[in-house]
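The values are calculated or read from the model by the stated rules, or taken from the named source; none is laboratory data. Worth saying up front: this structure is predicted, and the values here are computed from it rather than measured. Here the Cβ positions follow ideal geometry from the backbone for every residue, glycine too, while neighbour counts run over all protein chains shown.
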Amino acid sequence: MAHIVRRTFLSLAGAAVASPAVLRVARAQSPQVTLKMHHMLPPVAPGHRAFLAPWADKVMKASDGRIKIDIFPSMQLGGTPPQLYDQARDGIADLIWTVQGYTSGRFPKTEVFELPFLASRRSVVNAQALTEFAQTHLMDEYKEIKPLALWAHDAGVIHANRPVTKLEDMVGLKLRFPTRLAGQALKAFGATPIGMPVPQVPEALAQKVIDGCVVPWEVVPAIKVHELVKHHTEIPGTPTLYVATFVLAMNRAKYDSMPVDLRAIIDAHSSFEGAKLAGTAWDTAGVPVRDMVEKRGNSITMLAEGEKQRWIEASKPVVATWLTDAKSKGFDGEKLLADAQALIAKYEKLI
């Protein structure tokens, strides 16, 4: 398996160092290429356990040990989550996993998948749709790096310190939002949106800086949301309230410097293959988390279909504003929106 690199504190030296630990794979050959993967989540998070580590293991094994991947979770290489993309561009890390919404406005075309009430409630559908969409529309947005996998998570859930059963219950709630458009949607619903990377959520909840957050189920245990709030609201069916998009990216110079056959191995585990692995991981991880939260005694509310329609109507100005912004930036937002909707519908039927 992939190396996880952990921060080890050496009391005698009085300094902290990152050192390779566990998750070794038997190698037929010595590593020819060593890659550093950097991301924001702890190793216990499903995003690490169910996607990033398995993906790295598949690449290492397919290369017969010629590719070695050391994983640095929890921002161990330094910096903040919004800096991850630039770390891949600049070669601070060879591989990074990040949320495009952390750098607001940098990926305006990708943002179409983050519009309220557009995406599927299933990550594997969103992942395939976004991957095909990217091949036609997004390569210019990722020209600074080598994009390996693009996807969007499953249904976003509202987690709050009071019940939310109707639109009026959102008024005044201070909710952490993950993306610019999710923040605009929350504002349209009457909430007070507060942006921050997901690792900051537990402290913000504990200190009452926020009343809740919107995240998918799979993230909940890693940031202790179920312990800090007691009420959870789901949106029925597709389209869902919101999703955030993600990218697994590689430093382009590092990729280009690899032998052709090793680049082919990276390629074989990227694009649709990588997106499927990520989407399946998100969909699978959320189910037991929801069950755990319900058994804990927290309240879980599913909005009524009629109530959902009220929320869709309230969010329409967000879509209209995005379309206007797209025009001002010189691209056809109507075309991108229609293509995104068509691809989501396509993969809803196929998967």
**Request:** Quickly run through the stretch 250-284 and pick out the residues that are closer than 15 Å to H48 by Cα and buried (at least 19 other Cβ atoms within 10 Å of the Cβ).
**Result:** G274, A275, L277, A278, G279, A281, W282, D283
**Request:** Please list, ordered by first then second residue, the pairs with beta carbon atoms under 7 Å, 6 or more apart or interchain, first in the stretch 323-351 and over 10 Å from A129 (Cβ atoms) and aromatic (F, W, Y), second modelled with pLDDT of 95 or more and not in a helix (DSSP H, G or I).
**Result:** F331/K109
**Fill in**
Restricting attention to the stretch 178-192, the residues that are outside any helix (DSSP H, G or I), out of contact with any Asp or Glu (no Cβ under 7 Å at 6 or more places or on another chain) and under 25 Å from A45 (Cα atoms) number exactly 1
**Asked** Taking the stretch 161-178, which residues are over 20 Å from I300 (Cβ atoms) and touching a Ser or Thr at 6+ places or on another chain (Cβ under 8 Å)?
**Response** G172, K174
**Prompt:** Can you name every residue in the stretch 251-269 that is in contact (Cβ under 8 Å) with a residue 24 or more places away in the chain and touching a Phe, Trp or Tyr at 6+ places or on another chain (Cβ under 9 Å)?
**Reply:** I266, H269
**Message:** Given the criteria closer than 23 Å to M40 by Cα and either under 21 Å from the mean Cα position of the chain (by Cα) or outside the structural domain of R89 (by TED's automatic domain parsing) (or both), does V293 qualify?
**Reply:** no
**Fill in**
Taking the stretch 301-330 and keeping residues surrounded by 15 or more Cβ atoms within 10 Å (Cβ to Cβ) and either touching a strand residue (DSSP E or B) at 6+ places or on another chain (Cβ under 6 Å) or farther than 21 Å from I158 by Cα (or both) leaves T301, W322, L323, A326
**Item:** Near pairs, Cβ below 9 angstrom, 6+ apart or cross-chain, from the stretch 66-78 (outside the structural domain of I265 (by TED's automatic domain parsing) and in a loop (DSSP other than H, G, I, E, B)) to any residue that is at pLDDT 95 or above and surrounded by fewer than 22 Cβ atoms within 10 Å (Cβ to Cβ)
**Value:** none
